[in-house]
Amino acid sequence: MDSALIPQGVKRCPFPQFALWIGFLSIFMLWAVVAAGVAWIKGLNTTNLNDYFGFGAWITADLAVIALGGGAFFTGFMRYILGIEDFKHILNFAVIIGFVCYSSALVILGLDVGQPLRSWFIFWHANVHSMLTEVAFCISCYFTVLTIEYIPLVLENRQLDKIPLVHNFSHNLHRIMAVFAATGAFLSFFHQGSLGGTVGVLFGRPFGFREHFAIWPTAFFLFIISAMACGPCFTILVTRITELITRKKLVKQNVIAKLAKVSGWLMVAYLALKMIDTVYWAMVTLPNMGVSVMDMYPESPFTIWILIAELGFCGAIPAIILITEKGRNNNFLLVPATILSCFGAILNRYVMTVQTLALPVLPFDKFVNYIPNWVEWVTSLAPFVYLALLISLSYRYLPVFPQEKELNP
Amino acid sequence: MKEEHKEGAHGHKEKYKYGMVIDLDKCTGCGACMVACMTENNVPFRKDESNKLVSTAWMRVFKATNGKSYPDIDVCYFPRPCMHCEGEHGHAPCVSVCPATATDYNYETGIVSQIYTRCFGCRYCMAACPYHARYFNWWDPVWPDKMEKALSPDVSPRMRGVVEKCSFCFHRFQRARDHAYAEGRREIREDEYQTACTQACPADAIIFGDLNNPEHKVYKLKKSPYAFRLLERLGTNPKVYYLSTRSWVRRAGDNYLAGERSK
């Protein structure tokens with residue numbers, strides 16, 4: 001039925017099967033649209049957010065998808081700036097993942113503000129001292145870059161490519177893509193860092209505040225490195241899931257292994273710096289504020305185990321697997337390692353936002369709990385369904401994986 | 001009266017530095033300050049105000065105890081308006097983070113204001129404030145029948161989706177200044193500008209004035225050996241001082257490590 005649109009030389013499942021899959025995903029997306037509509041029309045009183053938890057599931061989801069989508073900028077950086085040719089075989093896919101992550105982040109940000117129609121005030125009345133201003137500018141610009149990076153792939157669709165104007169436009173876009181990759185990398189380094197900075201500058205919140213290095217809090221640098229480490233892990237994980245669902249090998253193992261190795265060593269670097277940062281925070285920053293490190297982990301779910309889970313189970317273990325050749329070449333170790341790495345990044349973003357707010361600072365204030373409601377859960381999880389939807393469509397109709405034909409003769 | 005402008009830590013010429021001194025030994029926790037504040041500033045309320053996590057109170061009275069059981073228990077009430085922090089370099093925690101410049105530090109008065117029509121409700125300022133002095137409008141205000149006619153015409157009501165907070169009754173400052181100018185004066189007398197909570201307190205526990213002006217009561221009171229500010233160690237540099245002769249109350253105003261001596 002849609003065979004004229006499918007790239008030549010590759011096999012795809014029958015259209016009814018595909019339509020059923022898309023229909024299934026669309027139902028969840030429709031649910032998310034309803035949830036978003038409820039929040040937009042009725043206001044944020046439809047969520048479980050409150051004056052103590054001004055930030056909740058949405059900010060966690062925002063920070064998490066931006067970290068996970070970091071594979072796009074970092075793979076582009078390695079391919080175009082460092083000239084590592086192997087990564088061109090996975091770059092298209094990383095761009096799609098990045099596009100989904102950043103568009104989701106923008107929509108979630110639009111949900112999370114009380115007056116969405118005034119969101120443009122952040123550009124019009126920009127406060128240059130605010131980390132959030134930098135985040136807004138960089139994310140918006142980088143999303144534009146990702147769109148420009150995604151367009152040539154869309155234009156490579158078999159039918160679109162037949163149009164001479166489209167073909168030439170796409171070809172010329174490809175030729176200048178290094179410029180956009182460099183721009184994207186520059187913007188990403190800044191906004192990934194600024195997201196860490198948004199919490200790191202809160203000197204009224206001992207859990208989140210970090211000492212400054214030059215003009216930036218240390219969380220600025222840690223967020224950049226963790227996104228560089230977990231972004232490629234998420235790209236590998238989604239590639240493996242796509243291969244599992246399509247029952248095809250789509251990217252050669254040497255490419256995956258190289259990406260895993262880079263990710264692994266970045267995780268090692270991140271863990272080392274994070275340890276130093278945590279020790280300094282515990283030994284110097286917190287005592288100066290009159291609190292001890294154990295005051296920061298008072299009760300469930302914010303016990304010391306959350307730190308051990310983040311740095312140990314979701315940090316050290318995947319790092320060891322990824323830096324060892326046997327580990328990264330064994331799917332039974334590689335996939336769990338990427339899952340742990342991604343979960344570690346999500347956990348880090350969660351504690352840096354929600355735990356920062358959860359801990360009362362006034363000695364006579366009380367600890368309150370927060371559990372997101374269905375509106376927040378559905379819209380926070382929707383990016384993953386949206387990712388499945390866009391990957392399904394792109395994989396079927398666009399030449400996403402350059403090595404697919406060779407690997408599946 | 002102060003003749004010349006003083007230079008603040010931020011390098012700007014500061015004409016006034018309005019602030020409060022709250023005597024906790026006098027406060028009975030009656031809540032009159034909260035009621036006066038709500039009335040004066042058109043603070044919205046709902047039929048069911050039992051969930052305090054979504055209820056707005058620019059002035060909120062916290063209750064603290066010495067942690068002992070009867071008969072040794074001692075109770076203290078902490079009225080908490082916005083602290084109008086000056087920060088270390090003139091950057092209050094909330095002012096520097098607001099991405100849309102919707103919250104502003106007024107260098108003439110030292111008052112931290114909120115521009116409701118510019119706020120787009122990101123709530124970053126709420127995350128930055130350790131005092132929980134900022135409130136989000138989760139709902140549009142709905143006033144009981146005929147109450148709209150009793151609203152203060154000097155304070156604009158806030159719509160759903162924006163953050164609001166105590167303004168030290170800034171409209172009263174504007175009114176007092178207009179009055180002084182009309183009389184050919186350039187300075188405002190102490191009694192001409194007083195906040196609603198100050199005037200409502202039956203125990204006279206809240207004193208308001210210019211912290212820089214030696215003729216104002218707050219100038220002397222803030223120098224009392226019993227004076228302290230909330231969470232001073234964080235570097236927020238608040239303009240609200242508290243007084244108490246009870247050492248456990250002064251200790252309750254900040255965080256201390258076990259075994260560490262308080263001021």
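For the range A:162-207, taking the residues that are farther than 15 Å from B:Ala127 by Cβ and among the charged types (D, E, K, R), the one that is farthest from the other protein chains (Cβ to nearest Cβ) is identified as A:Lys162. If you filter the range A:268-315 down to residues that are of a type in the set (D, E, K, R) and either away from every other protein chain (no Cβ under 14 Å) or touching a helix residue (DSSP H, G or I) at 6+ places or on another chain (Cβ under 6 Å) (or both), you find that the one that is surrounded by the most Cβ atoms within 10 Å (Cβ to Cβ) is A:Glu310. Of everything in the range A:37-85 that's of a type in the set (Asp, Glu) and within 14 Å of another protein chain (Cβ to nearest Cβ), which residue is surrounded by the fewest Cβ atoms within 10 Å (Cβ to Cβ)? Here the residue is A:Asp51. Regarding the range A:127-134, can at least one residue be identified that is within 14 Å of another protein chain (Cβ to nearest Cβ), surrounded by 24 or more Cβ atoms within 10 Å (Cβ to Cβ) and not in a helix (DSSP H, G or I)? There is at least one residue in the range A:127-134 that is within 14 Å of another protein chain (Cβ to nearest Cβ), surrounded by 24 or more Cβ atoms within 10 Å (Cβ to Cβ) and not in a helix (DSSP H, G or I).
Looking only at the range B:226-237, filter to residues that are touching a strand residue (DSSP E or B) at 6+ places or on another chain (Cβ under 8 Å) and of a type outside the set (Gly, Ala, Ser); which one of those is farthest from B:His84 (Cα to Cα)? Residue satisfying both the conditions and the ranking: B:Tyr226. Only residues that are among the hydroxyl-bearing types (Ser, Thr, Tyr), over 24 Å from B:Gly110 (Cβ atoms) and either under 18 Å from the mean Cα position of the chain (by Cα) or modelled with pLDDT of 95 or more (or both): list them for the range B:16-66, please. Hits for the range B:16-66 are B:Thr28, B:Thr39, B:Ser55, B:Thr65.
Based on what the data block shows, is A:Trp58 out of contact with any strand residue (DSSP E or B) (no Cβ under 9 Å at 6 or more places or on another chain), in a helix (DSSP H, G or I) and over 29 Å from A:Leu132 (Cα atoms)? It is false that A:Trp58 is out of contact with any strand residue (DSSP E or B) (no Cβ under 9 Å at 6 or more places or on another chain), in a helix (DSSP H, G or I) and over 29 Å from A:Leu132 (Cα atoms). When B:Ser244 is tested against (1) at pLDDT below 95; (2) within 14 Å of chain A (Cβ to nearest Cβ); (3) touching a strand residue (DSSP E or B) at 6+ places or on another chain (Cβ under 8 Å), only condition (1) is not met.
Within the range A:113-125, restricting attention to residues that are without any contact (Cβ under 8 Å) to a residue 60 or more places away in the chain and of a type outside the set (A, V, I, L, M, F, W, C), the residue that is farthest from A:Leu49 (Cα to Cα) is A:His125.
Of the residues making up the range A:163-222, those that are charged (D, E, K, R) and surrounded by fewer than 23 Cβ atoms within 10 Å (Cβ to Cβ) are A:Arg175, A:Arg205, A:Glu211.
Residue count for the range A:336-356, restricted to those that are crowded, with 17+ Cβ neighbours inside 10 Å, more than 15 Å from A:Leu266 (Cα to Cα) and in contact with a Leu (Cβ under 9 Å, 6 or more places away or on another chain): 8. In this structure, B:Phe136 does not satisfy being surrounded by 15 or more Cβ atoms within 10 Å (Cβ to Cβ) and either more than 10 Å from chain A (Cβ to nearest Cβ) or without any contact (Cβ under 8 Å) to a residue 24 or more places away in the chain (or both). Selection within the range B:215-241: residues that are within 14 Å of chain A (Cβ to nearest Cβ) and without any contact (Cβ under 8 Å) to a residue 40 or more places away in the chain. The member of this set that is surrounded by the most Cβ atoms within 10 Å (Cβ to Cβ) is B:Phe228. Whether a residue is without any contact (Cβ under 8 Å) to a residue 40 or more places away in the chain, hydroxyl-bearing (Ser, Thr, Tyr) and either in a helix (DSSP H, G or I) or closer than 22 Å to B:Ala100 by Cα (or both) was assessed, and A:Thr147 does not pass this test. Of all the criteria given as (1) assigned to a helix (DSSP H, G or I); (2) crowded, with 18+ Cβ neighbours inside 10 Å; (3) within 11 Å of chain B (Cβ to nearest Cβ), the one not satisfied by A:Gly98 is (3).
This table checks each residue for (1) of a type in the set (Ser, Thr, Tyr); (2) more than 30 Å from A:Tyr52 (Cα to Cα).
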site: B:Lys146; (1), (2): no, yes
site: B:Asp154; (1), (2): no, no
site: B:Ser167; (1), (2): yes, no
site: B:Cys197; (1), (2): no, no
site: B:Arg229; (1), (2): no, no
site: B:Asp254; (1), (2): no, no
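Picking from residues in the range B:104-120 that are at the interface with chain A (Cβ under 10 Å from one of its Cβ atoms) and among the hydrophobic types (A, V, I, L, M, F, W, C), the one that is nearest to B:Met20 (Cα to Cα) is B:Ile115. Here is the figure for the range B:208-225: residues that are part of a loop (DSSP other than H, G, I, E, B), modelled with pLDDT of 95 or more, in contact with a strand residue (DSSP E or B) (Cβ under 8 Å, 6 or more places away or on another chain) and farther than 23 Å from B:Pro130 by Cβ total 2. Scanning the range A:1-36 for residues that are small (Gly, Ala, Ser), at pLDDT 95 or above and either surrounded by 15 or more Cβ atoms within 10 Å (Cβ to Cβ) or on the phi > 0 side of the Ramachandran plot (or both) yields A:Ala32, A:Ala35, A:Ala36.
Within the range B:165-186, not a single residue is buried (at least 16 other Cβ atoms within 10 Å of the Cβ), at pLDDT below 95 and part of a loop (DSSP other than H, G, I, E, B). Considering the range A:284-304 alone, what residues qualify as being touching a residue at least 24 places away in the same chain (Cβ under 8 Å) and outside any helix (DSSP H, G or I)? Hits for the range A:284-304 are A:Val291, A:Pro298, A:Glu299, A:Phe302.
The values are calculated or read from the model by the stated rules, or taken from the named source; none is laboratory data. Predicted model only: the values in this text are computed from it and were never measured. Here the Cβ is made from the backbone with ideal geometry for all residues, glycine too, and neighbour counts use every protein chain on show.
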